[in-house]
Amino acid sequence: MGGEFRVLKRLKGRDLVGKKYEPPFPYLRPRKGHYVVAADFVSSEEGTGIVHIAPAFGEDDFELGKREGVDFFKPVDEEGRFTDEVPPVAGMFFKDADRVLIEILEEEGKIYSLGTYRHNYPFCWRCGTPLMYYAIDTWYIRTSKLRDLFMELNSRVNWVPGHVREGRFGSFLRELKDWALSRNRFWGTPLPVWVCEEGHVHVVGSVEELRSMALDPVPEDLDLHRPWVDRIRLRCPVCGKPMVREPYTIDVWFDSGAATFAQFHYPFENEEEFREAYPVDFISEGIDQTRGWFYSLLAVNGMLFEREPYRNVLVIGLVLDEKGEKMSKSKGNVVDPVPLLEEVGADPLRLYMLSTPAWRDLRFSTRGIEELRRRVLDTLWNVYKFFSNNANLDGFEPDGGEPGENPLDRWILSRLSWLASEFNRGFESLSIHRGPAALPQFVDDLSNWYLRLSRRRFWREGMDEDKLSAYRTLYRVLVHLARLLAPVTPFTAEMLHRRLTGESVFLSEYPQPGPRDEELESQFAEMKAIVEAGRRARQRAGIKARIPLLEAIVVGARLPEELAELARMELNVKELRFEDEGPRVRRVRLNLPRAAPRLRERTPEAARLVEELGEKALAMAERGELEVGGVSLGPEDLLVVEEVDPEYVREEAEGVEVYLRRTLTRELRLEGLARDIVRRIQVMRKELDLEYDRRIRTWVLGDEEVSEALRVHGDYIAGETLSVELSEAPGRGYHRVWEVDGKRVEIWIEPT
């Protein structure tokens, strides 16, 4: 094999068209065949640009062979084994025969080079057996002649996503081929076609017609399947001779396409019910059904009624594994839903699946479900528990009253209207993910903003109007939220709604969007941006959130007084100012690109000198008095830059700048220490599982700074922790030793 060769002549492919050649195997000798033709499905980018065709074993080959009128051979049977027409491999599976045929060619010196070429090949998806294309006799529906009708019907359908109409489905219709209707199967709907020996064909349309044409009596309990229907012979309506049924079943996709009318047993009965239900409002299936059910419905109903069978179609993407690969039992990456439901629960799974646009492929991740459960459902349940515990303590009973004018209440109700709008618009437009995808943002608004900023309203003594407004607001939000969630997380929604109202959520009206205060929402968005930027600034400066700071300056936003006060408290600063510019200082620096070539090794010395002199260096340079190592420096050798005042740390969020003054006085440190002590006592209360209103006695011991914090901020510590007694001495009850900013702090608490 291989070796030297000599080029005799160079030819274009078209120069070979019509040339005959000697085939490598002598077994099949057609009357017409074994000559060169041109075809556009052959590419020179892969292989040699020359291929052989076998019209019985490929669609392109079949069409080309039909065009050329070449003889048709099928030396492989329906089991994939060679027939006696090829003696050396007769009875062998076609793939097993490869080795034998190659050996024959080698022995006869007909192979120049032998190698392995990697390419895509069809295999049985279930057992992995190699497959081959195979031409068989079949009955067709000439759907290619109905292409224009089908495309017109398709144009009337609302596809979600919209690009499928003219994209994947439209492309399929534009290239529509005839429908191969019959199948060589035993199970399935028998093909209702009878043929006589004269070649006359009759298609039976009903059992009544079958009985009327039968040569022999048809049993009353006839089973319209094989083998019983095969035994029925008909009298040919043309020549009177016996007719026998064609031994085929119908493509099961034809059955699926008949679903619109077959469910009513139409046209034999229930015509009114069928007319009322046709066309169906909504169907949904996977994207692969553009060549399956979506098409079979359109084709069968288009042929029968010349009308679209459905109004709205939601196309579903595939569920893939975490690596983005299609799930398959053979790959072992299929997720069993039963243990999955036991592990994560139905509602988290539903929320996870419904939060992604249905038409997109989803990379399935159990971690993603757990994360969504934790962020959304667990948080929502904690909000409910906060409401329930405090409402029970205060004796709050829902009275149908309207919330007050507190901006926090008005804001969260406006956000609730936004969420209701997302859910309703999503359902109406079949973009079902819109509501579930918006839910995490709303739950964050509710828990981390509304509730956190409103806690002191719930905790104050008595029941004034503002506290009552907070209860009414939170109750309304939770009830409406349960109703919005009912289609998505039905178990969570039902439990919430029953606990809040005593009734099933599924007996309530679905919430519609109420009025929104978009200006207030915009102001709160700015407030949140200010707080987020402030938190980042603290992080950069390494200052804990519980330590108060003197000042924060905001650039790029303005807030009304009430929201500014909320932002100030969240930032934990003594003063919050809104300015057009942040605190900056002018710095004078050496212009290195200009001065360094002259200064050379004196450059670092000059840079330090200029930085130390600052503005004075600029004045000296202008007077010609600035000199380093004999090198005179003028104004052009210096740069004036503006920088953030080093007393402040700057951060930005959503276009809003926040400057935090980082100076820490002793007073600020003591206040921060007091807050740290409060947090530790609250942890200990939680560890004892104390009720929200349970009073305690508290004892604290620490160093001198801890003592001072207790003296200065004792009332604050006692009030925050519900301590009826706060002493600086060894105590009794529950005891823990804490480390607070490197200090040893001992705390005892005892319920009263």
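So here's what we get for this one:
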quantity: Computed lengthening from residue 212 to residue 729, 0.36 nm per intervening residue step minus Cα-Cα distance; calculated: 175.4 nm
quantity: Entries of 66/329; 12/95; 19/145; 544/686 with Cα pairs more than 32 Å apart; calculated: 66/329; 12/95; 19/145
quantity: Likely footprinting exposure, 665, 603, 721, 116, fewest C-beta neighbours within 10 Å first; calculated: 116, 665, 603, 721
quantity: Alpha-carbon centroid distance for the pair region 534-563 / region 596-642, whole angstrom; calculated: 38
quantity: Cβ-Cβ FRET estimate between residue 273 and residue 455, R0 fixed at 45 Å, reported to 0.05; calculated: 0.20
quantity: Pairwise FRET efficiency - residue 318 versus residue 562, Cβ, R0 = 51 Å, nearest 0.05; calculated: 0.55
quantity: Cβ-based charge dipole, the chain, positive-most Cα from 674, 25, 480; calculated: 25
quantity: Per-residue Cβ neighbour rank within 10 angstrom, fewest leading, 5, 72; calculated: 5, 72
quantity: Charge sum, other residues only, whose C-beta stays under 13 Å from residue 203's C-beta, Lys/Arg counted +1 and Asp/Glu -1; calculated: -1
quantity: 222 nm mean residue ellipticity, helices alone, for the chain (DSSP H n ≥ 4; -39,500 (n - 2.57); rounded to 500); calculated: -12000 deg cm²/dmol
quantity: Given charges at beta-carbon only (K, R positive; D, E negative), |dipole| of region 353-496 in Debye; calculated: 540
quantity: Degrees between helix 293-305 axis and first principal axis of the chain (Cα, 0 to 90, nearest 10); calculated: 60
quantity: Charge dipole magnitude, Cβ of K and R +1, D and E -1 - region 261-321, Cα centre, debye nearest 20; calculated: 220
quantity: Most positive-pole-ward Cα, 626, 88, 436, against dipole of the chain from beta carbon charges; calculated: 88
quantity: For region 83-156 versus region 30-72, the gap between their alpha-carbon centres in whole angstrom; calculated: 13
quantity: Label-point gap, in nm, between residue 120 and residue 577 - each point 7 angstrom along Cα→Cβ; calculated: 6.7
quantity: Correct option for Rg and Dmax of the Cα atoms in Å [calculated from the coordinates] among (1) 28.3, 105; (2) 27.0, 85; (3) 41.2, 127; calculated: (3)
quantity: Size of charge dipole - the chain - debye, nearest 20, with Cβ of Lys, Arg +1 and Asp, Glu -1, no other charges; calculated: 1640
quantity: Residue (of 501, 50, 418) at the positive-pole extreme of the chain, dipole from beta-carbon charges; calculated: 50
quantity: 0 to 90° range, to nearest 10: angle between helix 434-444 axis and the chain longest Cα axis; calculated: 20
quantity: Proximal aspartates and glutamates to residue 326, defined as alpha-carbon separation beneath 20 angstrom and excluding residues fewer than eight positions away on the same chain; calculated: 285, 288, 336, 361
quantity: Prolate/oblate/rounded call for region 327-404, Cα gyration tensor, a/c under 1.5 rounded; calculated: prolate
quantity: Three-way shape call for region 140-316 based on the alpha-carbon gyration tensor, with the a/c threshold at 1.5; calculated: prolate
quantity: For residue 93, net neighbour charge (Lys/Arg +1, Asp/Glu -1) across residues whose Cβ lies under 12 Å away; calculated: -1
quantity: Overall form of region 637-697 per C-alpha gyration tensor (a/c, 1.5; a/b vs b/c); calculated: prolate
quantity: Linear extension gain, residue 516 paired with residue 645, 0.36 nm per residue minus alpha-carbon span; calculated: 42.4 nm
quantity: Inter-site label distance for residue 340 and residue 177 at 7 Å from Cα along Cβ, in nm; calculated: 3.4
quantity: Distance (nanometres) between label positions extended 7 Å along Cα→Cβ at residue 591 and residue 326; calculated: 6.7
quantity: Helix 97-107 axis, angle to the chain major axis (alpha carbon atoms, nearest 10°); calculated: 70
quantity: Relative exposure of 113, 727, 355, judged by other C-beta atoms within 10 Å (fewest first); calculated: 113, 727, 355
quantity: Sites residue 5 and residue 508, calculated FRET efficiency, Cβ-Cβ separation with R0 60 Å, nearest 0.05; calculated: 0.10
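FYI, it's all coordinate maths here, none of it is from the lab. Since we're looking at a predicted model, the values are computed, not measured. Here Cβ is always computed from backbone atoms with ideal geometry, including for glycine, and neighbour counts include all displayed protein chains.
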